[in-house]
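What follows is a short report on a single structure.
The values are calculated or read from the model by the stated rules, or taken from the named source; none is laboratory data. Fair warning: this is a prediction, and the values are worked out from it, not measured in the lab. Cβ atoms come from the backbone with ideal geometry, glycine included; neighbour counts cover every protein chain shown.
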């Protein structure tokens with residue numbers, strides 16, 4: 001049923017709670033997991049030298065975050081791949097879900113203030129709204 005699962009993570013506690021669900025479901029269905037971390041787009045106008053440094057630092061942070069998740073999956077004998085993408089998180093998640101043809105997205109939800117949520121929308125809300133596959137959103141403080 002869930003052969004391929006996408007696990008987008010920002011390294012937050014809420015994302016780590018979602019990883020527990022990833023492990024449970026992936027073990028049950030013998031799923032392959034795609035770990036995804038997206039970092040914000042760095043504009044060209046800041047200059048190539050500075051942009052390269054920022055992208056390099058962002059990539060290193062992304063690798064740190066995804067390695068933590070990968071270690072948990074390895075400990076549980078779950079097959080995985082890592083994706084690191086520059087760009088808006090919700091677009092990266094939806095793109096990887098489509099390209100990898102995943103059956104399920106499991107992600108954490110971070111609290112957004114009422115005004116910011118209305119004006120901008122959260123990443124999880126955008127993914128739920130536009131995803132072509134089921135999305136399991138693990139709320140903050142839940143999923144233990």
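Data table
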| read-out | value |
| --- | --- |
| Some residue of the stretch 44-61 being surrounded by 15 or more Cβ atoms within 10 Å (Cβ to Cβ), within 18 Å of residue 14 (Cα to Cα), in contact with a strand residue (DSSP E or B) (Cβ under 6 Å, 6 or more places away or on another chain) and modelled with pLDDT under 95 | no |
| Qualifying residue in the stretch 105-115 (condition: modelled with pLDDT of 95 or more, within 14 Å of the chain's Cα centre (by Cα) and more than 11 Å from residue 18 (Cα to Cα)) | no |
| Hey, residue 23 closer than 21 Å to residue 104 by Cα, out of contact with any strand residue (DSSP E or B) (no Cβ under 6 Å at 6 or more places or on another chain) and in a helix (DSSP H, G or I) or not | yes |
| Residue that is modelled with the highest pLDDT, among those in the stretch 26-42 that are touching a helix residue (DSSP H, G or I) at 6+ places or on another chain (Cβ under 8 Å) and part of a loop (DSSP other than H, G, I, E, B) | 31 |
| Qualifying residue in the stretch 79-88 (condition: out of contact with any helix residue (DSSP H, G or I) (no Cβ under 6 Å at 6 or more places or on another chain), assigned to a helix (DSSP H, G or I), at pLDDT 90 or above and at negative phi) | no |
| Among the residues listed as 121, 143, the single one being at pLDDT below 95, closer than 19 Å to residue 5 by Cβ and surrounded by 12 or more Cβ atoms within 10 Å (Cβ to Cβ) | 143 |
| Which listed residue, of 19, 6, is under 17 Å from residue 85 (Cα atoms) and buried (at least 18 other Cβ atoms within 10 Å of the Cβ) | 6 |
